[in-house]
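The values are calculated or read from the model by the stated rules, or taken from the named source; none is laboratory data. Small disclaimer: the values here were computed from a predicted structure and weren't measured. Backbone-built Cβ (ideal geometry, glycine too); neighbour counts: all protein chains shown.
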Amino acid sequence: MRGLAALYVQQFKTTFASMVQYRASLVIWMISHVLEPLVYLIVWSTVSYTGGGSVGDYTTREFAAYFIVLMLVNHVSYTWIMYEFEYRVREGTFSVTLLKPVHPIHSDIADNISSKLITLPLMVLIALGLAAAFHPLLAPPMWAVVAAIPVLILAFMVRFLLEWTLAQSAFWTTRVTAINQIYFVLVLFLSGQIAPLTLFPAPVQLVAAILPFRWMIGFPVELLLGRLSPVQALTGIGAQVVWLAIGFALFRIVWRAGVRVYSAVGA
Amino acid sequence: MNYLRLFGVYFRVSVLSELAYRVNFFVQLFQSLVELGTALLGLAVVFSYTNTLGGWRPDEVLALVGVYFIVGGMIGLVIQPGMGKLIESVRDGTLDFTLAKPEDAQLLVSIQRVEIWKLIDIVLGFGVLATALVRLGETVGGWEVLSFVVMLLTGAVIIYSFWLILATLSFWFVRVENILEIFQSVYEAGRWPISLYPGWMRFALTFIIPIAFVTTVPAEALTGRLSAETLLGAVLLAALLFAISRVLWRIGLRQYSGASA
């Protein structure tokens, strides 16, 4: 356990050093992360404005709050492991990782968390700037803010495990871009990134409730907007825990099989 | 004419080398269809709650999506691969080989790489555009079509010059790939009418990264909402940017020393 803690600390230092070196890539990463929610914020604000100040159960200012909070929540739970894994397997750098005496997921987790901590101040600054520009209406009850802490941690864990597991498809095929694209489209629509899920038809909402994507992004956002009752929040946490368990099981199974395939190819 | 013939040669070489990887066609087709499907579904969701978006009717925004795909396809077909290669060859010195050829080097670097499967995006884009036009029906006359074609070409010149200017910067600052990446993520904002955005964004998307002229303006031309001033302004901007890119390219070349030299 202490060895693992040392590893996380070391990984944090390494990531920090490389982040300072590659500031430009950080900026690019931020731009795409800010621009997408910003575009949908503007689109939905326009729709709402045309429709007399609200669409469904969202007013113009609530849309602003929704997409600004979504930007932050997405920042917390986002991973880039699917691109990274493809590169590792294609270039063969994964062989070195496998030689290390700890599971490679640990350095990935540490890497993810540390680079996000570094970018967080800038992200918050951007959020404040957007808040000044779009006047969001955000007044969550105290309990929701407190509950958001475990919910965000769970959202991060579910998303990380699932995407790490999916990233391993690179062991089997070199055409992971197509797989990734399908995944991103599903996330885009069913997590609430294009529009709040309550604006979708009932069947879509049902599918979104069953699949994991909503629990990674949309659910924390709705909680932070104060749109959920305590019972709904608890149900959501339950769904997150269930998906965490499923994700963990899949991760174990796929990892065992995947490493075997990789060694067979690399030999 | 000679330029067209050269482009033909480069195009044929790309076709021949890509035909060895025919599966790539289906991969690209699949990806383009998914991307198009995403865009259309997004429109469907938005327009299930309204029938006008900032004054644009659904089919007009559909036409805009068509233009977005056509221009995106053009960028992916020649501009992006060529400029990416240019930056790379300035860094590792292989630009020497291009400079040694008896043709205009700017032309050669611009057409040196053709990603033929991106034609799929262009074809799909025209398909979407045609669908939108049929549905818009009566409002599209000869003038609209003519001004659209002119604006599409103008947009292509603007975007080409813009990329060349950025890529030329690599003569001074070796690592500039990142700027091109930024363009790709900002381009997505062009899928919606620029008039939706607040003033500062509209300014940035018009004058700093000229995406407005590339997607919104051609779509405006087609839907008959283009003013003569905008049309003239776009043509002037295209001429200006093209001239700047040419001058910068010349100055930049003088700066280039070649890694092998």
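Structure data summary
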| item | result |
| --- | --- |
| Which listed residue is crowded, with 17+ Cβ neighbours inside 10 Å, in a helix (DSSP H, G or I) and not aliphatic (A, V, I, L, M), from B:Gly252, B:Gly233 | B:Gly252 |
| Residue that is nearest to B:Val140 (Cα to Cα) [pool: residues in the stretch B:236-247 that are surrounded by fewer than 18 Cβ atoms within 10 Å (Cβ to Cβ) and aliphatic (A, V, I, L, M)] | B:Leu236 |
| Any hit, the stretch B:170-180, residues being modelled with pLDDT of 90 or more and either crowded, with 17+ Cβ neighbours inside 10 Å or more than 27 Å from A:His33 (Cβ to Cβ) (or both) | no |
| Residue within the stretch B:48-59 that is in contact with a Ser or Thr (Cβ under 7 Å, 6 or more places away or on another chain), in a helix (DSSP H, G or I) and more than 23 Å from B:Glu181 (Cβ to Cβ) present | no |
| Filter result for the condition that a residue is part of a helix (DSSP H, G or I), more than 30 Å from B:Ser257 (Cα to Cα) and within 14 Å of chain A (Cβ to nearest Cβ), over B:Gly37, B:Gly72, B:Gly66 | B:Gly37 |
| Residue list for the stretch A:59-88, restricted to those being of a type in the set (Phe, Trp, Tyr), surrounded by 24 or more Cβ atoms within 10 Å (Cβ to Cβ) and either free of Cβ contacts under 8 Å to residues at least 12 places away in the same chain or over 22 Å from A:Tyr183 (Cβ atoms) (or both) | A:Phe63, A:Tyr66 |
| Any chance B:Ile165 is in a helix (DSSP H, G or I) and either within 14 Å of chain A (Cβ to nearest Cβ) or out of contact with any Ser or Thr (no Cβ under 6 Å at 6 or more places or on another chain) (or both) | no |
| Meets criteria (more than 14 Å from every other protein chain (Cβ to nearest Cβ) and touching a Leu at 6+ places or on another chain (Cβ under 9 Å)) for B:Val176 | no |
| Filter result (surrounded by fewer than 22 Cβ atoms within 10 Å (Cβ to Cβ), of a type in the set (Ser, Thr, Tyr) and either out of contact with any helix residue (DSSP H, G or I) (no Cβ under 9 Å at 6 or more places or on another chain) or at pLDDT 90 or above (or both)) within the stretch A:172-214 | A:Tyr183, A:Thr198 |
| Residue in the stretch A:45-53 that is closer than 19 Å to A:Glu222 by Cα, in a helix (DSSP H, G or I) and over 16 Å from the mean Cα position of the chain (by Cα) present | yes |
| Number of the condition not met by A:Thr79 [criteria: (1) in a helix (DSSP H, G or I); (2) away from chain B (no Cβ under 13 Å)] | (1) |
| Which listed residue is among the hydrophobic types (A, V, I, L, M, F, W, C), under 24 Å from B:Val90 (Cα atoms), touching a residue at least 24 places away in the same chain (Cβ under 8 Å) and in a helix (DSSP H, G or I), from B:Leu124, B:Leu107 | B:Leu107 |
| Pair list, Cβ under 7 Å, 6 or more apart: the stretch B:180-208 residue more than 10 Å from chain A (Cβ to nearest Cβ), other residue among the charged types (D, E, K, R) | B:Ile194/B:Arg202 |
| Residue list for the stretch B:186-210, restricted to those being part of a helix (DSSP H, G or I), surrounded by 17 or more Cβ atoms within 10 Å (Cβ to Cβ) and not charged (D, E, K, R) | B:Val186, B:Tyr187, B:Ala189, B:Gly190, B:Ile194, B:Leu196, B:Met201, B:Leu205, B:Thr206 |
| Test: residue in the stretch B:211-225 that is among the charged types (D, E, K, R), under 21 Å from A:Leu38 (Cα atoms) and either under 15 Å from the mean Cα position of the chain (by Cα) or surrounded by 21 or more Cβ atoms within 10 Å (Cβ to Cβ) (or both) | no |
| Exclusive hit being within 12 Å of chain B (Cβ to nearest Cβ) and exposed (fewer than 14 other Cβ atoms within 10 Å of the Cβ), set A:Gly52, A:Gly3 | A:Gly52 |
| Answer from A:Ser169, A:Ser115 - the residue that is within 23 Å of A:Leu26 (Cβ to Cβ), surrounded by 18 or more Cβ atoms within 10 Å (Cβ to Cβ) and away from chain B (no Cβ under 14 Å) | A:Ser115 |
| Whichever residue in the stretch A:142-151 is in contact with a helix residue (DSSP H, G or I) (Cβ under 9 Å, 6 or more places away or on another chain) and surrounded by fewer than 18 Cβ atoms within 10 Å (Cβ to Cβ) and, among such residues, is nearest to A:Gly238 (Cα to Cα) | A:Pro150 |
| Positions within the stretch A:173-217 being assigned to a helix (DSSP H, G or I), away from chain B (no Cβ under 13 Å) and under 16 Å from A:Glu36 (Cβ atoms), in sequence order | A:Phe213, A:Met216 |
| Yes/no for A:Val124 being more than 14 Å from chain B (Cβ to nearest Cβ), at pLDDT below 95, touching a helix residue (DSSP H, G or I) at 6+ places or on another chain (Cβ under 7 Å) and loosely packed, with under 13 Cβ neighbours inside 10 Å | no |
| Matching residues, the stretch B:184-219, being of a type in the set (Val, Ile, Thr) and farther than 15 Å from B:Ala156 by Cα | B:Val186, B:Ile194, B:Ile208 |
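Conditions (1) in a helix (DSSP H, G or I); (2) more than 30 Å from B:Asp96 (Cα to Cα), marked per residue:
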residue: B:Val114; (1), (2): no, no
residue: B:Thr131; (1), (2): yes, yes
residue: B:Val149; (1), (2): yes, yes
residue: B:Thr154; (1), (2): yes, yes
residue: B:Ile158; (1), (2): yes, no
residue: B:Leu169; (1), (2): yes, no
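Quick grid of which residues meet (1) under 30 Å from B:Arg254 (Cα atoms); (2) crowded, with 22+ Cβ neighbours inside 10 Å; (3) aromatic (Phe, Trp, Tyr):
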{"residue": "B:Arg57", "(1), (2), (3)": "no, no, no"}
{"residue": "B:Gly72", "(1), (2), (3)": "no, yes, no"}
{"residue": "B:Ile111", "(1), (2), (3)": "yes, no, no"}
{"residue": "B:Glu115", "(1), (2), (3)": "yes, no, no"}
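Residue-by-condition table, conditions (1) among the basic types (Lys, Arg); (2) modelled with pLDDT under 85; (3) surrounded by fewer than 14 Cβ atoms within 10 Å (Cβ to Cβ):
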| residue | (1), (2), (3) |
| --- | --- |
| B:Tyr68 | no, no, no |
| B:Gly93 | no, yes, no |
| B:Pro102 | no, yes, yes |
| B:Leu119 | no, no, no |
| B:Gly142 | no, yes, yes |
| B:Leu146 | no, no, yes |
| B:Met151 | no, no, no |
